[in-house]
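Right, one structure below, let's go through it.
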There are 4 protein chains.
Amino acid sequence: MAENNKVRVAIVGATAYTSREAIRWLLVHPGVDIVALCSRRDPQPRIDEVFPELAGRLELRCEPIDAAALKGRVDVVMMCLPNGLTMDLAPRLLDAGMRVIDFSADYRLKEPAEYQQWYGKEHTDLGNLARAVYGLPEAYREKIRTAALIANPGCYPTSAALGIIPLLRAGLIEAKDIIVDAASGISGAGRDPKPEHHFPERHETFEAYKIGEHRHMVEIERTLDPYVRASKSSVIFTPHLIPMERGILSTIYLHPRQPVSTEHVMQVFAETYQNEPFVRLRKSPPRTGDVARTNFCDLTARVVKSRIIVLSAIDNMVKGAAGQAIQNMNIMFGRKETEGLV
Amino acid sequence: MAENNKVRVAIVGATAYTSREAIRWLLVHPGVDIVALCSRRDPQPRIDEVFPELAGRLELRCEPIDAAALKGRVDVVMMCLPNGLTMDLAPRLLDAGMRVIDFSADYRLKEPAEYQQWYGKEHTDLGNLARAVYGLPEAYREKIRTAALIANPGCYPTSAALGIIPLLRAGLIEAKDIIVDAASGISGAGRDPKPEHHFPERHETFEAYKIGEHRHMVEIERTLDPYVRASKSSVIFTPHLIPMERGILSTIYLHPRQPVSTEHVMQVFAETYQNEPFVRLRKSPPRTGDVARTNFCDLTARVVKSRIIVLSAIDNMVKGAAGQAIQNMNIMFGRKETEGLV
Amino acid sequence: MAENNKVRVAIVGATAYTSREAIRWLLVHPGVDIVALCSRRDPQPRIDEVFPELAGRLELRCEPIDAAALKGRVDVVMMCLPNGLTMDLAPRLLDAGMRVIDFSADYRLKEPAEYQQWYGKEHTDLGNLARAVYGLPEAYREKIRTAALIANPGCYPTSAALGIIPLLRAGLIEAKDIIVDAASGISGAGRDPKPEHHFPERHETFEAYKIGEHRHMVEIERTLDPYVRASKSSVIFTPHLIPMERGILSTIYLHPRQPVSTEHVMQVFAETYQNEPFVRLRKSPPRTGDVARTNFCDLTARVVKSRIIVLSAIDNMVKGAAGQAIQNMNIMFGRKETEGLV
Amino acid sequence: MAENNKVRVAIVGATAYTSREAIRWLLVHPGVDIVALCSRRDPQPRIDEVFPELAGRLELRCEPIDAAALKGRVDVVMMCLPNGLTMDLAPRLLDAGMRVIDFSADYRLKEPAEYQQWYGKEHTDLGNLARAVYGLPEAYREKIRTAALIANPGCYPTSAALGIIPLLRAGLIEAKDIIVDAASGISGAGRDPKPEHHFPERHETFEAYKIGEHRHMVEIERTLDPYVRASKSSVIFTPHLIPMERGILSTIYLHPRQPVSTEHVMQVFAETYQNEPFVRLRKSPPRTGDVARTNFCDLTARVVKSRIIVLSAIDNMVKGAAGQAIQNMNIMFGRKETEGLV
């Protein structure tokens, strides 16, 4: 920790959208100093050249990703790299005494074979994979406090898990018949200018993608499994793309084990989340616009015929990425959990 | 029919979005004359004052809705009024020898009690209700040919029915376990400037609405029922609003009665729709942008775990309203079904 | 001032977009307590019912606008009412010892006849009109410190004035040949759901409005006049509407009195704004997206043929309204000018 | 001409947005057959693979660009290639007896040195450059009838020229003091997915670009020059990007040679355009949304203080590209000028 008692943060993969979002929040966090930004670029850019909005606010030049160079300057490293890269870097950062919050999927799936199946790459850091804590504070707050390595959850899984876990834990629903129909703004696709995200292609259109094949499907299942008795969950996951920048809405269809009322479901949510600072129960259907640029997850439920329908809205860039990372950081460093986030 | 062999069309409720869409298409339809536009406004506007895009193309002044005044001038009336008004007007138009295509819900639900339940109003034209034909050409083409009164289908029901009927008819799926998760552009809400559709409120947000309470839920069920053996269908319907002008995507979760493959499902669709001019089977997920301003319905299916997922995209203003009405008109007047539509 | 040394703020007209924006910023301002929200509604709403995004963050119920009831509880009142209402209320608030920052145009034009001409209403508070300070810190910082009543500038005038004043003061340009071609996001039109701002009408279109008739034209002129020697300025102002939520870009065409280079113009800006915390000079053309949700004004200039072209971007809701009001408040209460704003 | 009296059209550069737009219009043009699509790709795609919206409507496979292979099959070739390529291909197509409509800038600037200056490439087809006719029907209709080679105008120049030429010809305005402040939807940037047009970068932002450096500035000047007596025009041109797909609005500031009224200016426009099928005079400011997907140019004017302000709206893809090309084609082949366009 710095002498001023501030958490010294480095961001690796500093030119990603998730990094930009983290920088925006960290700049106004009273208990943080951004001490380094690292990228794989050569030559290294000044961050305000990459994100002109940062001019006059943060004018650090990026530096190479070098654990030795960060050692002693940095308390925690936020890793905003593409999947498959952090597992090469995290061991060195951890060995050098830094804590790590990984935005990628590298440490989310505990089963190495499953990682290989879904990410097409052998996992090379099995020791840390076993030790990593899944950074969903509403589920793992105590473990997060002392974790050296946090697997920051995916955006869709965060949205889905917060809407399903309480009902699963209460034994209200079948674990084998879960449908998560979700839709996301385009920032979730990252900064790489793919043809399908060219403005004229993406504006004024709506579509599903990776139907039943998205990697977050298995992440949702593994996040739910601890709450299933003597079995595993089965989730059908259909993501869609919305012509807007940010926001995720999950519309979740659950199969009640016995007839249940909307009031009962809401009561279970209310009890689960009564002390949670970032989960808000709503009477009317949540709007992504109401959680945009906040770390909140807005939830409601309805019983319709034979199903419980849960609606869960987050900002994919905040509760779905950088905000949750900062929430985790606050917990890890004994700070107020909401500091810098409300 | 006019001497020039053109169909003489009047549009009632001419200042609605659906009317504007009908006008756009009818103006380039080689077999049609728009002979009258009727509205409830006083004073009556010229249509290009209401829709400035029509300047120089159609400069008719609207006239009151008066069956006597239309008699003899008009072959078919397209009714673009809000729900609950057409049933007062249609009898007079029909008695005066005109055929009627109703864009509202007044003649869609055959059961008067159900109409009253969902639309909050007693049905006052039971005779015509019994005679009206549901204007989904892919299901009722033969009846449409000779119908005097067409209940033009709702936008969501069109999209859903085209994706479900073939599988229901083939006996592939359970009729009691159907989930239709759909999303629509904002034009579906009509021209009335409600607070929730004010640009800054609607832009950059996504939400569900009328969860399990939307009137199209029962319309979907009644449209499916004829294909269910000895029972009725049960549909859970969740509509969402997309920050774009037009387009509907339905993501439909169906419960196969026996294990089935994606290929088999696609084969059933292929056989059903092989001669349909406006249904296109796609390999990749349909995009609303690809059917925008067309009368096509784009369909695909995937089997994922225990469900068949059908994706069905239409333009809510075209195949979901004005385009389908013109398709019906073409059928009713013995014209080529695709005339003016491709 | 409160015992905790925080500025106690009331917002009047609390259900406006500008109020919402002020609330968002004030909630994270470390030196402020929001102590009252006032509205003209009956019954008075809780603010999170009006703006669901505030749930869990600010759950004050609005109260009537009553100077007596605010007296002693409030240090400064932010008035977010439509034009023509503040001049009735401000005298009472000032008399009760509160300072006032008015977001409306009521105290911006010093000449009562001009107010009447442009706002169609006789000015009824001439004493305070004479004393009010135009709250553009870059021009009137010293007067703002001690002002009891601030006329918070209009959004377009802020954007225009910051791009023109330095060149006028330096004697570089003709005061009689100024063209301000500007474009704004739709939030500038307020929360009232007018037909022309209905989502399907506003999406995917661009247009000019109130060409040469917008009230901000005269406000720009009066803001420039103090920098003109022995004469008055003449401004042609053409605003446009952009299908987006927030942001203003002014493209300003200025007539140099003598041939001048881009470098010289930029040098004048650099000298003028070297110590200004919220004006940023850019090499590349400013983007509204880069100032969105910030209090910055991004500026650049180009000499093209016979004109200096200045480009000036702000967020109409921030530097053009609530952010500038908070900047003024910080100055008025001796706080760091950037507090709560970066 | 084909035996069925239809114009046989080939499109070269078939995978461009302008080609897609041409295809959309030509498919519903009653007097046209699309007989070939040519591209530089290898392998050659089927056009509905490139543009899935065309499935079931046009399923031609693209072929290489080969004048010999097109000879005898094609009456007119629409060239949708990037700048600098058509001048290599047009001579062969013309020699083979086809007429050519070039969407690129290759034949727009009559002065080879100017082409080289602005397009960075020596012009290699000077003979055809001299013979090419600038395809603005409102200015050059008679020459278009018999032209073998049409230089189809740029989008911004079309919008600007239609708003300026009548006033220049009437001697009302100074040719040396013309400011064209214009804004365009993003389709104008083409299909190439550049980082700055990635959806999240382009959505919800507005900016100027190529200020005083855009190639269309000189094209506007050269288009105006024939209407200037004994001199050349001087135009300052500032384009902007609007977060929408299509549409251009030019806001044009003109310097009247003598005091003039709005009515007089409108009268000059009315006389000039009274028989023009695609120019519409408006009282209220034109909206790009009202000309979207039409070949119209909507115009209005206002005199404000010392300037005439002309507002001119077109669809950059239609009157600014494919629609104007078809208008030219109709004229060239003796068809009704509006055929297939209204």
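The values are calculated or read from the model by the stated rules, or taken from the named source; none is laboratory data. Quantities reported herein were computed from a predicted structural model and do not represent experimental measurements. Neighbour counts run over all protein chains shown; Cβ positions are idealised from the backbone, glycine included.
Tabulated values for the structure
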item	result
Residue check for B:Asp181: more than 19 Å from the chain's Cα centre (by Cα), closer than 21 Å to B:Ser250 by Cα, assigned by TED's automatic domain parsing to the domain that holds B:Pro277 and not hydrophobic (A, V, I, L, M, F, W, C)	no
Subset of segment B:126-136 (residues that are of a type outside the set (S, T, N, Q) and within 21 Å of the chain's Cα centre (by Cα))	B:Leu129, B:Ala130, B:Arg131, B:Ala132, B:Val133, B:Tyr134, B:Gly135, B:Leu136
Selected residue (criterion: nearest to the chain's Cα centre (by Cα)) from residues of segment C:300-317 that are within 7 Å of another protein chain (Cβ to nearest Cβ) and buried (at least 24 other Cβ atoms within 10 Å of the Cβ)	C:Leu311
Breaking point among (1) within 11 Å of chain D (Cβ to nearest Cβ); (2) closer than 26 Å to B:Glu49 by Cβ, for C:Ala182	(2)
Selection count where residues are among the aromatic types (Phe, Trp, Tyr) and part of a helix (DSSP H, G or I), scope segment A:274-324	0
Selected residue [small (Gly, Ala, Ser), at pLDDT below 95, surrounded by fewer than 24 Cβ atoms within 10 Å (Cβ to Cβ) and under 26 Å from C:Arg335 (Cβ atoms)] from C:Ala2, C:Ala96	C:Ala2
Hits in segment C:87-141 (condition: touching a Leu at 6+ places or on another chain (Cβ under 7 Å) and among the hydroxyl-bearing types (Ser, Thr, Tyr))	C:Ser104, C:Tyr107, C:Tyr115
Residue, farthest from B:Asp290 (Cα to Cα), within segment B:245-255, restricted to residues that are surrounded by fewer than 24 Cβ atoms within 10 Å (Cβ to Cβ) and at the interface with chain A (Cβ under 8 Å from one of its Cβ atoms)	B:Tyr253
Subset of segment D:5-18 (residues that are surrounded by 21 or more Cβ atoms within 10 Å (Cβ to Cβ), out of contact with any Phe, Trp or Tyr (no Cβ under 7 Å at 6 or more places or on another chain) and more than 14 Å from chain A (Cβ to nearest Cβ))	D:Val9, D:Ala10, D:Ile11, D:Val12, D:Gly13, D:Ala14
Qualifying residue in segment C:315-328 (condition: farther than 30 Å from C:Ala14 by Cβ and of a type in the set (D, E, K, R))	no
Condition check for B:Glu122: on the phi < 0 side of the Ramachandran plot, of a type in the set (D, E, K, R) and loosely packed, with under 13 Cβ neighbours inside 10 Å	yes
Failed item in (1) out of contact with any Gly (no Cβ under 7 Å at 6 or more places or on another chain); (2) surrounded by fewer than 22 Cβ atoms within 10 Å (Cβ to Cβ); (3) in contact (Cβ under 8 Å) with a residue 60 or more places away in the chain, with A:Arg335 passing the rest	(1)
Subset of segment A:192-228 (residues that are outside any helix (DSSP H, G or I), in contact (Cβ under 8 Å) with a residue 12 or more places away in the chain and more than 7 Å from every other protein chain (Cβ to nearest Cβ))	A:Lys210, A:His214, A:Val228
So B:Tyr273, is it in the same structural domain as B:Ile179 (by TED's automatic domain parsing), in contact (Cβ under 8 Å) with a residue 40 or more places away in the chain and crowded, with 21+ Cβ neighbours inside 10 Å	no
Residue among C:Asp75, C:Asp48 that is crowded, with 17+ Cβ neighbours inside 10 Å and free of Cβ contacts under 8 Å to residues at least 24 places away in the same chain	C:Asp48
Residue within segment D:137-151 that is more than 13 Å from chain C (Cβ to nearest Cβ) and part of a loop (DSSP other than H, G, I, E, B) present	yes
Failed item, numbered, when C:Gly188 is tested on (1) facing chain D (nearest Cβ under 9 Å); (2) within 26 Å of D:Asp290 (Cβ to Cβ); (3) out of contact with any Phe, Trp or Tyr (no Cβ under 8 Å at 6 or more places or on another chain)	(1)
Restricting segment B:268-299 to residues that are within 14 Å of chain A (Cβ to nearest Cβ) and more than 20 Å from the chain's Cα centre (by Cα), the residue that is farthest from B:Ser184 (Cα to Cα)	B:Lys283
Pairs, first among the hydroxyl-bearing types (Ser, Thr, Tyr) in segment B:11-24, second at pLDDT 95 or above and not in a loop (DSSP other than H, G, I, E, B), C-beta under 6 Å, six or more apart	B:Thr15/B:Val50; B:Tyr17/B:Ser187; B:Thr18/B:Ala321; B:Thr18/B:Ala322; B:Ser19/B:Ile11
Residues being within 7 Å of another protein chain (Cβ to nearest Cβ), assigned to a loop (DSSP other than H, G, I, E, B) and farther than 21 Å from A:Asp298 by Cα - total across segment A:230-242	1
Lone unmet requirement of (1) under 19 Å from A:Trp25 (Cβ atoms); (2) crowded, with 21+ Cβ neighbours inside 10 Å for A:Ile242	(1)
Some residue of segment B:58-65 being closer than 26 Å to D:Leu281 by Cβ and buried (at least 22 other Cβ atoms within 10 Å of the Cβ)	yes
Breaking point among (1) farther than 23 Å from C:Gly323 by Cα; (2) surrounded by 13 or more Cβ atoms within 10 Å (Cβ to Cβ), for C:Ala130	(2)
Those residues of segment C:156-185 which are within 26 Å of D:Val310 (Cβ to Cβ), out of contact with any His (no Cβ under 6 Å at 6 or more places or on another chain) and either of a type in the set (Ser, Thr, Tyr) or not in a strand (DSSP E or B) (or both), in sequence order	C:Ser159, C:Ala160, C:Gly163, C:Ile164, C:Ser184, C:Gly185
Condition check for C:Ala90: farther than 16 Å from C:Ala148 by Cα, surrounded by 23 or more Cβ atoms within 10 Å (Cβ to Cβ), touching an Asp or Glu at 6+ places or on another chain (Cβ under 8 Å) and among the hydrophobic types (A, V, I, L, M, F, W, C)	no
Selection within segment A:183-237 - under 30 Å from B:Asn316 (Cβ atoms) and small (Gly, Ala, Ser)	A:Ala183, A:Ser184, A:Gly185, A:Ser187, A:Gly188, A:Ala189, A:Ala208, A:Gly212
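Okay, residues lined up against (1) surrounded by fewer than 21 Cβ atoms within 10 Å (Cβ to Cβ); (2) assigned by TED's automatic domain parsing to the domain that holds B:Tyr107; (3) closer than 29 Å to B:Glu114 by Cα; (4) of a type in the set (Phe, Trp, Tyr):
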{"site": "B:Glu174", "(1), (2), (3), (4)": "yes, no, yes, no"}
{"site": "B:Tyr227", "(1), (2), (3), (4)": "yes, no, yes, yes"}
{"site": "B:Thr238", "(1), (2), (3), (4)": "no, no, yes, no"}
{"site": "B:His264", "(1), (2), (3), (4)": "yes, no, no, no"}
{"site": "B:Val268", "(1), (2), (3), (4)": "yes, no, no, no"}
